[in-house]
Amino acid sequence: MNKNGLDDRSRERKVSLWVMGISGFFLVSFFLVPLINENGSIPELSGRANAFDYATIDGWGSWGNSESNSNSHIGHNQSEFGHFAWTELDPYSAFIYGFGDLNCHNKNERSWEINGNQMPVCTRDVGIFFGAFLGGLLFFRRGHNRWTVRDSFLSVFPDSKLKKIYDNDWRIHVIWAFAALAIIPIGLDGGIQMITEYESNSFNRLITGTPFGIFIMWFFCSSLSSRPSLFELDPSRVSLPGNAKLMTQEEVISESE
């Protein structure tokens, strides 16, 4: 029997494997695609996040290649570096660079180059996807369904380390603390760049993106793995640290009377 009171962890493993598989696929692809394309075939880019800027040279989604880009504080004069359209690449490379084009700003000064080609995403996104893989791995190895999201989230820690947290009902406070550790560094590093002349570096972007990715996917795995139905909707079957127990609302009302 597992520490949550169930005999089976198949759902936790399945959810985690999906997270690891998807994040791992993108993470490897970010490095592989620049390698499989001809040296120097992907020029320096500078686009916008959440928009297609390099889909075509002069048609739909071509803002990054247009003259208006060079007049913007966001982009640069792409003609100086060579025009680029990911739709002209092979299907695999087009998918990865298209994903990066939509989800990342593609700024050259914030991205690595491999094989003379700019990577599809910036270093912060590399850190986020690396963290996402680690978050999935963490829950795959140690995560357990414990009915609620917060109890499943904390299940990656040994029960002996959680006794005081459960005795004082600090569960939600601990989760908020982890959220702060994950979000505040990336928020400060990116936010200060927007309002001051401060420019972060690749190392800072990587180390602030990684814990953010870990927390997001750790929480995501906890959310998808928390299934009361696997306990036959009986909270008394959930094994928690420090002899704590879950109670239905009816039980709480009955006990208070």
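The values are calculated or read from the model by the stated rules, or taken from the named source; none is laboratory data. A quick note: this is a predicted structure, and the numbers were derived from the prediction, not measured. Glycine gets a Cβ as well: all are built from the backbone with ideal geometry, and neighbour counts include every protein chain shown. With ligands, DNA and RNA removed, areas are computed over all heavy atoms of the protein, side chains included. Shrake-Rupley method; radii C 1.70, N 1.55, O 1.52, S 1.80 Å.
Listed here are the residues, each with its yes/no results for (1) open to solvent by 20 Å² or more (accessible area, probe 1.4 Å); (2) touching a residue at least 40 places away in the same chain (Cβ under 8 Å).
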residue: LEU32; (1), (2): yes, no
residue: ASN39; (1), (2): yes, yes
residue: ASN50; (1), (2): yes, yes
residue: ASN69; (1), (2): no, no
residue: GLY75; (1), (2): no, no
residue: GLU88; (1), (2): yes, no
residue: ASN103; (1), (2): yes, yes
residue: ARG110; (1), (2): yes, yes
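Residues in segment 30-38 include at least one that is assigned to a loop (DSSP other than H, G, I, E, B), under 30 Å from PHE81 (Cα atoms) and out of contact with any Lys or Arg (no Cβ under 6 Å at 6 or more places or on another chain). Among the residues of segment 191-208, the ones that are at pLDDT below 85 and of a type outside the set (Ser, Thr, Tyr) come to 5 in all. Taking segment 119-138 as the range and being part of a helix (DSSP H, G or I) and open to solvent by less than 50 Å² (accessible area, probe 1.4 Å) as the test, the residues that pass are THR123, ARG124, ASP125, VAL126, GLY127, ILE128, PHE129, GLY131, ALA132, GLY135, GLY136.
Evaluation of GLY116 against the conditions (1) surrounded by 14 or more Cβ atoms within 10 Å (Cβ to Cβ); (2) modelled with pLDDT of 95 or more shows that the sole unmet condition is (1). Across segment 224-243, the number of residues qualifying as in contact with a helix residue (DSSP H, G or I) (Cβ under 8 Å, 6 or more places away or on another chain), open to solvent by 30 Å² or more (accessible area, probe 1.4 Å) and within 19 Å of ARG171 (Cα to Cα) comes to 4.
Among residues that are outside any loop (DSSP other than H, G, I, E, B) and either open to solvent by 20 Å² or more (accessible area, probe 1.4 Å) or modelled with pLDDT of 95 or more (or both), TYR97 is included. Within segment 139-178, being closer than 25 Å to PRO228 by Cβ, open to solvent by 10 Å² or more (accessible area, probe 1.4 Å) and among the hydrophobic types (A, V, I, L, M, F, W, C) holds for PHE140, TRP147, VAL149, PHE157, ILE165, TRP170, ILE172, VAL174, ILE175, TRP176, PHE178.
If you go through segment 11-26 one residue at a time, do you hit one that is open to solvent by less than 60 Å² (accessible area, probe 1.4 Å), more than 28 Å from PHE203 (Cβ to Cβ) and outside any helix (DSSP H, G or I)? Taking every residue of segment 11-26 in turn, none turns out to be open to solvent by less than 60 Å² (accessible area, probe 1.4 Å), more than 28 Å from PHE203 (Cβ to Cβ) and outside any helix (DSSP H, G or I). Give SER41, SER46 a once-over and let me know the one that is small (Gly, Ala, Ser), in a loop (DSSP other than H, G, I, E, B), touching a Gly at 6+ places or on another chain (Cβ under 7 Å) and farther than 27 Å from LEU137 by Cβ. Residue meeting the stated conditions: SER46. Here GLY64 meets the list (1) in contact with a Leu (Cβ under 8 Å, 6 or more places away or on another chain); (2) within 30 Å of PHE220 (Cβ to Cβ); (3) surrounded by 13 or more Cβ atoms within 10 Å (Cβ to Cβ) almost entirely, failing just condition (2).
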